[in-house]
1. Kindly indicate which of Ser194, Ser234, Ser220 is open to solvent by less than 20 Å² (accessible area, probe 1.4 Å), polar (S, T, N, Q) and either under 29 Å from Asn413 (Cβ atoms) or modelled with pLDDT of 95 or more (or both).
2. For region 262-285, which residues satisfy the criterion of being touching an Asp or Glu at 6+ places or on another chain (Cβ under 9 Å), outside any strand (DSSP E or B) and open to solvent by 50 Å² or more (accessible area, probe 1.4 Å)?
3. Among Pro296, Pro302, which is the only one that is surrounded by 13 or more Cβ atoms within 10 Å (Cβ to Cβ) and over 22 Å from the mean Cα position of the chain (by Cα)?
4. Specify the residue that is most open to solvent (accessible area, probe 1.4 Å); the eligible residues are those in region 423-434 that are of a type outside the set (Lys, Arg) and either over 31 Å from the mean Cα position of the chain (by Cα) or modelled with pLDDT of 95 or more (or both).
5. Asp96: more than 30 Å from the chain's Cα centre (by Cα) and surrounded by fewer than 20 Cβ atoms within 10 Å (Cβ to Cβ), yes or no?
6. For Ile420, only one of the following conditions fails: (1) of a type outside the set (Lys, Arg); (2) open to solvent by 50 Å² or more (accessible area, probe 1.4 Å); (3) at pLDDT 70 or above. What is its number?
7. Out of region 357-380, which residues are open to solvent by less than 60 Å² (accessible area, probe 1.4 Å) and among the hydrophobic types (A, V, I, L, M, F, W, C)?
8. Give the residues of region 366-422 that are of a type in the set (D, E, K, R) and in contact (Cβ under 8 Å) with a residue 12 or more places away in the chain, sorted by residue number.
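The values are calculated or read from the model by the stated rules, or taken from the named source; none is laboratory data. Just so it is clear, the structure is predicted and the values come from calculations on it, not from any experiment. When we count neighbours, we look across all protein chains shown, and the Cβ atoms used for this are built from the backbone with ideal geometry, even at glycine. Just the protein is used for accessible areas: all its heavy atoms, side chains included, with ligands, DNA and RNA removed. Shrake-Rupley method; radii C 1.70, N 1.55, O 1.52, S 1.80 Å.
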Amino acid sequence: MSFGQCSMITALFIFLLHLPSSISIDSISLNQTIKDGDVLVSSRSHFALGFFSPGDSGKRYVGVWYNKVPEQTIVWVANRDNPVNDASGLLVIDKDGGLVIYGKDRRVRIWSANVTLSSPENSMAKILDTGNFVLFENTSQKVLWEGFDYLSNTLLPFMKLGLNRRSGLNRFLTSWKSRDDPGTGNCSYRIDPSGFPQLFLYKGRAPWWRSGSWIGHRWSGVPEMTPNVIFNVSFVNNQDELSVVYGITNDSIFSRMVLNESGTIERSTWHDQLHQWMKFWSDPVEICDNYGRCGPNSNCDPYHADKFECTCLPGFEPKMHNEWYLRDGSGGCVRKKGVSLCQNGEGFVKVSLVKAPDSSAATVNMNLTLKECEEECLRNCSCTAYSNANDLQGGSGCVTWHGDLMDTRTYTNVGQELYIRVDSMELAKYAKEANGSISKKGKLAIVIASILVFFLLISVIYWSVKMKRKGKEKEDLFSYGATPSFSYFESSHRSTNLDDSGLNSDLPFFDLSTISAATQKFCNSNRLGEGGFGPVYKVVLESTSAGMVVHFFLNALRSAF
């Protein structure tokens, strides 16, 4: 091999070493670096990691984005509150502090994973196909640090949202400050572990929206969560952990949940053909989604177009009637005056299809049935309401509320059943209304059923007569002294039953004036012929059965109402 060929091979080798890492690398080890412009790409090219500038900002951040989505979509940011001001940034595995980002001054850490490595020479950092950026020991594969523990504004499939009760690590979303600034914003989305745990969306420290508690297959305040062949949800609540994970059964589908800077949580999926993110769920959306819209002890129903959305729960009345009439329900409701709710004949009124009240201060016992839950609530004079803790298989477990009931709202066709404690007078009132409603409906149903049966009977009789007439036309002969006989064709009265005398006992008898009118005074045009007893005439008698039917129907409707 000539000197020139060796020089070319050496130059090619050096060139390949300096190619951007996105071509073949998904990880770095000690003494390897990610410079501004270098990119790590996961093994199946789902995600990439490198330096980026959001929007019109010139500042540089280390982040993770979808590698196959043409619209750059950032899902995780390392130094979100400490940007690099130029393109001098460097990401390295540091022997003293794990993952570190440096700027121009290599002596000053802009960001650090803040983990101490026992053997930094055996450590690697890798971008996974889930979007997780992990630092691990190469020999044992033990994970030392992972980006999924420090969320930004995006929840990816298989990211945990929640609390590690042993370590105290709390994973939650925080919004960006703006589209151009991924710094920690004003909104957060996290699980509240107190009482009966639930997800809260906060603006600052104020609750803005809540998911309701986990009732076995969904959050009580997210009726859109239905069984799905693409997504699956895992909720864990034990002594070690409180978390929720939204999985996906097909990892070729890109789906994400984002908390935006305006205070909305939304889920979207990338549509390859349309080249855009398709949003299919978000909250809050309706007016009753906003936390405490109608104040304590109220129910918010957004489906009354011409009515105020706020109503008081059973046994309560508006705290400030004037404001209520002005459609301001923020003051909520209070117990009606003179009410005694302690071992004084009180009971419960059921409110259906609701998101149960804020359960932050609720008491939970998963071993009680609904009946036992009612008894437990009755024994405690401070208990104001109860419900099932789990909606699966007919319901199980017991949740009891003590004190004010906050942020209850109604849904159209899905929701929980909430039992509100009321005094004996209120209980009797609701029982009377319920019984009256049932009685009226039952009465109406009976009347309608009777009318239907009647018309069915008339139809059967009519059909039977018609079939008999088609099979054979009967001639009924009437004689009156020397009066001719008549053919009885058109009468509404039919019978073939004979009595002991051989006469048709069901056949009516007519006097001469009736027969004369029916034959138009024995008009020759009605004469059919002549038999052994004299001339035979056609007789037509008017039927009134149609009038009788209409008359019955109208009277039946009057009696129903």
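1. Only one candidate qualifies: Ser220.
2. Across region 262-285, the qualifying residue is only His275.
3. Every option except Pro296 fails the conditions.
4. Met425
5. yes
6. Result: Ile420 passes all but (2).
7. Ala362, Val364, Leu368, Leu370, Cys373, Cys377, Leu378
8. Within region 366-422, Glu372, Glu374, Glu376, Asp391, Asp404, Asp407, Arg409, Glu417, Arg421 qualify.
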